[in-house]
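Where a number appears in this text, it was derived from the coordinates with a stated rule and is not lab data. Just so it is clear, the structure is predicted and the values come from calculations on it, not from any experiment. Backbone-built Cβ (ideal geometry, glycine too); neighbour counts: all protein chains shown.
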Amino acid sequence: MNNFGQVASRQSTAVLATNKVIRNTYILLSTTLLFSAVTAFIAISANMSHGAGLIASIVAIAMLWFVLPRTANSASGIPVIFAITGLFGLGLGPVINFYLNMPAGPSIVMTALGGTGAIFLGLSGYALTTRKDFSFMGGFLMVGMFVVILAAVANIFFAMPALQLAISAVVIMIMSGFILYETSSIIHGGQTNYIMATASLFLSLLNMFQALLHILGAFRGRD
Amino acid sequence: MDWIKIGSALLLGAMLIFIFPRMRHALKHTPKGTTKDWMGYLLPLLAVIGFVIFLVMMVR
């Protein structure tokens with residue numbers, strides 16, 4: 001009976017810890033998304049160039065690789081994640097500006113934004129309610145990401161619109177997988193650091209938004 | 001070729017170098033999924049594909 005009590009207590013502690021990680025992740029994710037929207041708006045208002053946007057993204061990626069892993073377990077991880085997401089927002093500004101200047105651009109941007117939000121809510125809801133374990137997808141997603149980046153490098157030189165469209169479609173599928181994988185990882189205790197979880201989900205959303213923007217822009221542009 | 005394209009290629013190349021060891025590690029340590037597990041991924045994926053097609057039809 002005493003053992004049963006200890007096991008039950010340990011399980012409820014684990015559930016409480018998981019719920020805390022989920023809550024903290026979603027709070028931090030929503031605030032960082034808001035912050036990156038503000039920096040993207042600043043970049044659009046200032047008519048920032050693509051070159052400046054690329055530099056902001058390179059700095060953000062360097063911080064993501066080299067600074068965040070060292071600070072994620074301490075309070076200093078919070079300003080670092082805000083700096084990273086803010087820089088990504090600056091990098092996104094010129095891209096959004098490009099689409100806003102297209103015919104029906106604002107409608108494309110808003111549809112991509114709403115679509116990304118709806119996909120994220122749907123996939124997170126699916127992972128949270130079914131409580132399925134998607135840890136088996138880790139290798140598949142990493143290989144998918146590697147192949148997509150390889151194809152993107154090739155397309156810089158070949159500049160094939162059809163390949164770019166295919167890359168965007170695959171990115172949406174892979175990012176959907178990453179959202180399921182990361183959410184399931186939080187639920188099953190694989191991910192206990194809400195700052196790292198936020199960074200992963202933020203990147204999935206950012207990539208998905210850009211891919212969706214490209215697909216919608218390409219199909220709109222064909223009319 | 002302008003410097004933005006060269007910068008993008010360098011950034012993506014760096015990403016490949018960064019991802020490669022992580023990909024190998026993930027391939028070695030990821031548990032194998034059953035058909036049922038993969039169906040659990042394919043179902044929401046099909047829903048996402050359908051939703052994206054719906055969005056494309058909406059903006060056209």
If you add up the charges near residue A:51, with Lys and Arg at +1 and Asp and Glu at -1, over every other residue whose beta carbon is less than 14 angstrom from its beta carbon, what do you get? 0
Among A:210, A:176, A:46 - extreme Cα towards positive end, dipole of the range A:2-221, charges at beta-carbon: A:176
Choice from A:35, A:66, A:178 showing the highest fluctuation, given a GNM over chain A with Cα pairs closer than 10 Å: A:66
Please find, in a Gaussian network model of chain A (springs between Cα atoms separated by less than 10 Å), the residue of A:123, A:180, A:90 whose mean-square fluctuation is greatest. A:123
Where nothing but the Cβ of Lys and Arg (+1) and of Asp and Glu (-1) is charged, how large is the charge dipole of the protein assembly as shown around its Cα centre, in debye to the nearest 20? 500
Rounded to a whole number, the mean other protein chain Cβ count within 10 angstrom for residues of A:176-189 is 1
How high is the relative contact order of the range A:2-221, in percent, with contacts defined as C-alpha pairs under 8 Å that are six or more residues apart? 28
Can you tell which of A:148, A:67, A:99 lies farthest toward the positive end of the dipole of the range A:2-221, using +1 and -1 charges on the Cβ of basic and acidic side chains (Lys, Arg; Asp, Glu)? A:67
